[in-house]
Amino acid sequence: MSELTAMPVAVPPVDKFREFLLTKGMRLTPEREAIVDAVYASHEHFDADVWVEKLERRKGGPRASRSTVYRTLSLLEEAGLIRKVARSNDREVYEHDYGYPQHDHLICKKCGDMIEFPNELIAEALELVAAEHGFRMSGHRLEVEGICANCSRPPQRLHRKLDMI
């Protein structure tokens, strides 16, 4: 995965989530806050089970049950803080959406690696297509599936002495 640089944001993710929850008549519990902090600790793609395991075993802070993790991830997605990215092994994988530039993905169908890349030409082409159809675009998501450079390499094998004759 290539590293995208986080953009400066006026409101930290946990505060943005708190604001969103208030609009729904909900509050930011210590468990939800722990999930937001964990998710935004690094820019990694992740699936819900990763956080379920980490937060169920957590010591010295609020622990979160499987259902709390899944509900919170759903709320974070609804709030526009994270989004789902398809993965070749049929797991739902999430990434940060808030605080990172618009980008797209190349997804290896063999190993599951994801390469993130921003590309203005793609964004401009989509704007043109949308305009041709009288469509007001609010964003886009492009996921290109294929085989990465590592998986495309021919297998390395040792030559036996008989092969060299």
Worksheet item: By count of other Cβ within 10 Å, fewest leading, how are PHE46, PHE17 ordered?
Response: PHE46, PHE17
Discussion item. Limiting things to C-alpha atoms, what are the Rg and the maximum Cα-Cα separation (Dmax) for the stretch 79-142, in angstroms?
Written reply: 13.5, 39
Discussion item. Need one number: nm distance between label points at ARG57 and ALA10, each 7 Å from Cα along Cα→Cβ, rounded to one decimal.
Written reply: 4.1
Worksheet item: Taking the simple approach of a point 7 Å from Cα along Cα-to-Cβ for both GLU124 and HIS43, what is their distance in nm?
Response: 2.3
Worksheet item: Ranked highest first by the average count of other Cβ atoms within 10 Å around their residues, in what order do 136-142, 63-69 fall?
Response: 63-69, 136-142
Fill in: Sorted by Cβ neighbour density within 10 Å, fewest at the top, the residues GLU116, GLU53
GLU53, GLU116
Worksheet, complete the sentence: Extension length gain for GLU19 and HIS133 (0.36 nm per residue less Cα distance), in nm, is 37.5 nm
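Coordinate-derived values only; no laboratory data. Remember, predicted model here, so these are calculated numbers, not experimental data. Note that we place each Cβ from the backbone using ideal geometry, even for glycine, and neighbour counts take in every protein chain shown.
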